[in-house]
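One structure is given below, encoded as structure tokens.
The numbers here are math on the coordinates, done by the rules we state, and not lab data. Being a predicted model, the structure only gives us computed values, none of them experimental. Note: ideal-geometry Cβ built from the backbone for every residue, glycine included; neighbour counts use all protein chains shown.
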Amino acid sequence: MRRELELYIHIPFCAKKCAYCDFLSGPADEQTVADYVTALRKEIESYKESAKNYEVTTVFFGGGTPSLLSGEQMAELMNAIKDTFMLKEEAEITMEANPGTVTESNLSAYKEAGINRISFGLQSVKDEELRMLGRIHTFEEFLESYDMARKAGFHNINVDLISAIPGQTLTSWEETLRTVIELQPEHISAYSLIVEEGTTFAKLYGEGCEKEELLPDEDEERRIYERTEEMLKEAGYHRYEISNYAKDGYECRHNLGYWERKEYLGLGLGASSLLNETRFHNTEHMGTYLENAGNEKLLREDEEILTMQEQMEEFVFLGLRKMEGIREADFEKDFGQSIWDCYGENLRRVIEDGLLQKENGYLKLTKKGIDVSNYVFAEILWEE
């Protein structure tokens, strides 16, 4: 019997690095992009033999900016996937896109190639906030891109938003949410800004920097978080993960698979994988990748076989990101022991503190627990 598998395809190119971004991405010339697509196709095809054990349920083209690829290049990669893997008939196939980088002809070609879900990185409806974030597009360009995607036949669209950015107020965030809700995308991801080391933002707004005070404080950030859920719930979106909201039936299956520790294969520069309880990632060096694509042994780095303890920990802290929480019976089925035998004392403590609740065989974060989720995860998994 074939096992379920998710595919993540990394497209590491972008027109310009955003000020807050620490992903493996950057600008490139047309020849490098073409060479990369050729190498990526080779890597995909190299899994022809091992692919016989799997059925692919989701594919996710992330970046970078996958929409910098032409329709022909995306079709080349999709054809390689279809020729190599058994793709489930109703597989969810997502492509990230930046507003202003798509065209009517490319969107139609993406759809024809098999892409059935578009994820637009909007981040804000205010042009001044977009400039501050280092985005290359305006809100008007997003509207044009969104409209083109609808006309191309995309009926499953996600819009990414970032809250808690410098100078943002609850009122300005409400305006962003209200404007996006009016467009009625099927899915909205609302992430809180994290100032990552090594980014332009870290130099400006990192701890101890002169502009750090422009970031919303914890109380304001909490109000933004709470208002997000209120407004989206009123508009017909349910919260199914800490930062993700969807209309019924439009939850991102690829991301749900990640939180449920389903096997996934990462293809492309620096892409990470989880196969047979082993984590590894591809080389992050472009020259090495282009030269050795097709030879997985020369691409893989930092291969780590997870211990039973590490598997259990991942089950807890990834699964608790979902609003439905983790099913006690699933833990026992996967690991042959009760979750209470492993973490009972810690679980009881966070339940007493009002951060976790037990309901119908599930353990899930309370509203209070969601606000301090990382603390809750650490408390549950803490050992004396």
Completion exercise
Most fluctuating of Glu30, Glu76, Glu196 in the GNM of the chain (C-alpha, under 10 Å) is Glu30
Problem - Inter-site label distance for Gln337 and Glu359 at 7 Å from Cα along Cβ, in nm - result: 2.9
Practice task
Run the dipole for region 326-381 about the Cα centre, Lys and Arg Cβ at +1, Asp and Glu Cβ at -1, nothing else charged, and hand back the magnitude in debye, nearest 20.
Solution key: 200
Problem - For region 3-259, share of DSSP beta bridges that run antiparallel, in % to the nearest 5 - result: 15
Practice task
Could you tell me whether region 326-381 comes out rounded, prolate or oblate from its Cα gyration tensor? Rule is a ≥ b ≥ c as square roots of the eigenvalues, rounded for a/c under 1.5, then prolate if a/b exceeds b/c, otherwise oblate.
Solution key: prolate
Practice task
Report the residue, chosen from Ile11, Ile339, Ile181, that carries the largest GNM mean-square fluctuation when the chain is represented by alpha-carbon nodes joined by springs under 10 Å.
Solution key: Ile339
Completion exercise
So for region 221-316, using the alpha carbon gyration tensor with a ≥ b ≥ c as root eigenvalues (a/c under 1.5 gives rounded; past that, a/b versus b/c decides prolate or oblate), I'd call it prolate
Fill in the blank from the handout: So Asp219 and Ser108, fully extended at 0.36 nm per residue minus their Cα-Cα distance, gain in nm 35.5 nm
Exercise for the section: Please work out the C-alpha center-to-center distance from region 335-375 to region 67-125 and express it in whole Å. Expected result: 39
Completion exercise
In nanometres, the difference between 0.36 nm per residue of separation and the alpha-carbon distance of Ala34 and Arg178 is 47.8 nm
Exercise for the section: Taking 7 Å along the Cα-to-C-beta vector as the label spot, tell me the Arg349-Ser192 distance in nanometres, rounded to one decimal. Expected result: 2.2
Handout entry: Label zone at Glu45, where the point sits 7 Å out along the Cα-to-Cβ direction: region 282-318 residues whose backbone N lies under 11 Å
Key = 294
Practice task
Report which label in (i) 1.00; (ii) 1.19; (iii) 1.11 holds the value of Cα Rg over 2.2 N^0.38 Å derived from the coordinates of this structure.
Solution key: (i)
Exercise for the section: Mind jotting down the three principal axis lengths of region 236-384 based on Cα atoms? Whole angstrom, largest first. Expected result: 56, 43, 26
Completion exercise
Over 19 Å (Cα to Cα) among Lys82/Lys247; Lys88/Lys333; Lys247/Lys364; Lys42/Lys262; Lys111/Lys322; Lys82/Lys111 -> Lys82/Lys247; Lys88/Lys333; Lys247/Lys364; Lys42/Lys262; Lys111/Lys322
Completion exercise
Quick calc, region 3-259, dipole around Cα centre from Cβ unit charges on Lys, Arg (+) and Asp, Glu (-), nearest 20 debye, gives 680
Exercise for the section: Measure out, as a whole number of angstrom, how far apart the alpha-carbon centroids of region 135-191 and region 291-314 sit. Expected result: 35
Practice task
State the cysteines of the chain left without a partner when partners are defined as other cysteines whose beta carbon lies under 4.7 Å away.
Solution key: Cys14, Cys209, Cys252, Cys342
Problem - All aspartates and glutamates inside 20 Å of Lys297 as judged from Cα atoms, apart from same-chain residues fewer than 8 positions distant - result: Glu43, Glu45, Glu49, Glu263, Glu277, Glu284
